[in-house]
Amino acid sequence: MQFAKGKLIAIGGAEDKGTDLETGQIHRNNLNFFELGILRRIVEEAGGVLSRIEVITTASMIPYEIGDNYLNAFGKMGCTNIGLMHIRNRVDVGTEDYQQRIEKCDAVLFSGGNQMRLSSTFGGTNFLKTIVSRYKEETHFVIAGTSAGAMAMSNTMIYEGNAAKAHLKGEVKITTGLAFVDEVIIDSHFEKRGRFGRLAQAVATNPACIGIGLGEDTGMIITEGGNKMEAIGSGCVIIIDGHDIQFTNIADIPDGSPYSVEGLKVHICEQKHIFLNKSKYF
C-alpha cells in the first residue's frame with residue numbers, strides 16, 4: 001500500500017480568537033493562536049527558518065488581523081519568508097499569483113475560523129488539487145491547520161454541532177472537507193468546549209473513521225496518509241475509535257432522540273506519544 005509522502009499538522013487552536021461559530025461573536029482580545037512550541041515544530045518540519053510558508057486566512061472573518069499575528073509569531077523565531085493569502089472567494093482562488101506560490105512553497109497553514117468557508121471556497125479547484133498532489137508526492141511538504149483549518153483536513157468534516165445537544169441524533173452536522181486524509185474526523189477546542197459528545201456521534205455514524213479530538217495548544221502530526229500520528233503540544237489528544245462498535249441504534253431512531261452505542265474505544269495521547277491507526281495497517 002502506498003501512503004502519502006507529506007505531513008499534516010492538525011492543531012486544536014486556542015481560546016477566543018477570530019469568530020466563535022457557536023455564539024456568532026468575533027473576539028479580538030486574544031489572538032494568540034497557540035504556543036510558539038507548536039509553531040516552531042511546523043517550521044522545523046517545513047525545513048527551517050528559511051522555508052517558505054504560506055498562511056491561508058480564508059476561514060477567518062478577520063483575515064488581516066489573523067495574518068499580522070502569524071507574521072509576528074513567525075518573526076519571533078527568525079522566519080522572514082512568510083506569505084499571506086487572503087483568499088476570500090472562488091474567483092480569488094484562480095489568481096495566477098496564488099497558484100504559482102502554492103506550487104513553490106514548502107508549507108501551507110490554514111488559519112482558524114469557519115471550516116465551511118474552506119470547503120466551499122477550495123473544493124474542486126486547481127489550487128486544492130495542487131496541494132493534494134504535493135502532499136501525496138513530496139516527502140518534505142507540510143500542510144498545517146489550526147482549529148477550522150485542522151477540522152477541514154479530513155474527507156469527513158464536522159461543520160456544526162452544539163456540544164450541549166450532541167447526545168441527540170442529527171445535532172452533529174457533517175459534510176465533505178478538503179480530503180487530505182480519509183477515515184479520520186478531526187475536532188478542535190476539544191476539552192475547553194466539551195466536544196466529546198459530538199465527535200462520538202460523528203464516529204458512531206462513520207465507524208470506519210477514527211475521531212481525533214484536539215485540545216488547546218495541542219496538535220497531531222499525521223504521516224503515512226493517516227496511519228501514523230504523533231501528539232504534540234502541552235495538552236492531550238483524545239482518539240475515539242469506532243472500528244469495534246458492537247451495537248448502535250442511531251440508524252433506527254428519529255432525529256432529536258438520544259442514541260446508544262457500545263464498543264467505542266478511547267485512547268489518550270500525550271506529547272510525543274505515537275498512535276498507529278491499526279485499521280489501515282492490518
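The values are calculated or read from the model by the stated rules, or taken from the named source; none is laboratory data. Predicted model only: the values in this text are computed from it and were never measured. Every residue, glycine among them, receives a Cβ derived from its backbone with ideal geometry; neighbour counts consider all protein chains shown.
Among the candidates R90, R52, which residue alone is more than 20 Å from L39 (Cα to Cα), at pLDDT 95 or above and out of contact with any Pro (no Cβ under 9 Å at 6 or more places or on another chain)?
When all the criteria are applied, what remains is R90.
Write out, first by first residue and then by second, each pair whose Cβ atoms fall under 6 Å of each other, whose residues are 6+ apart or on separate chains, and whose first residue, in the range 103-131, is closer than 20 Å to D68 by Cβ while the second is acidic (D, E).
Note: pairs meeting the criteria are C105/E54; V108/E54.
Which one is surrounded by the fewest Cβ atoms within 10 Å (Cβ to Cβ) among residues in the range 115-150 that are within 18 Å of T176 (Cβ to Cβ) and either at pLDDT below 95 or small (G, A, S) (or both)?
G124
Is there a residue in the range 104-111 that is among the aromatic types (F, W, Y) and either at pLDDT below 95 or in contact with a helix residue (DSSP H, G or I) (Cβ under 8 Å, 6 or more places away or on another chain) (or both)?
There is at least one residue in the range 104-111 that is among the aromatic types (F, W, Y) and either at pLDDT below 95 or in contact with a helix residue (DSSP H, G or I) (Cβ under 8 Å, 6 or more places away or on another chain) (or both).
For the range 1-35, give me each residue that is modelled with pLDDT of 65 or more and either surrounded by 14 or more Cβ atoms within 10 Å (Cβ to Cβ) or in contact with an Asp or Glu (Cβ under 6 Å, 6 or more places away or on another chain) (or both).
F3, A4, K5, G6, K7, L8, I9, A10, I11, G12, G13, A14
Return only the number of the condition from (1) surrounded by fewer than 21 Cβ atoms within 10 Å (Cβ to Cβ); (2) at pLDDT 95 or above that A163 does not satisfy.
Only one criterion in (1) surrounded by fewer than 21 Cβ atoms within 10 Å (Cβ to Cβ); (2) at pLDDT 95 or above is unmet by A163, namely (2).
Tell me the strands (runs of 3 or more DSSP E) entirely within the range 126-229 that contain at least 2 residues that are of a type in the set (F, W, Y), farther than 25 Å from R90 by Cβ and touching an Asp or Glu at 6+ places or on another chain (Cβ under 6 Å).
By residue number, no strands (runs of 3 or more DSSP E) qualify.
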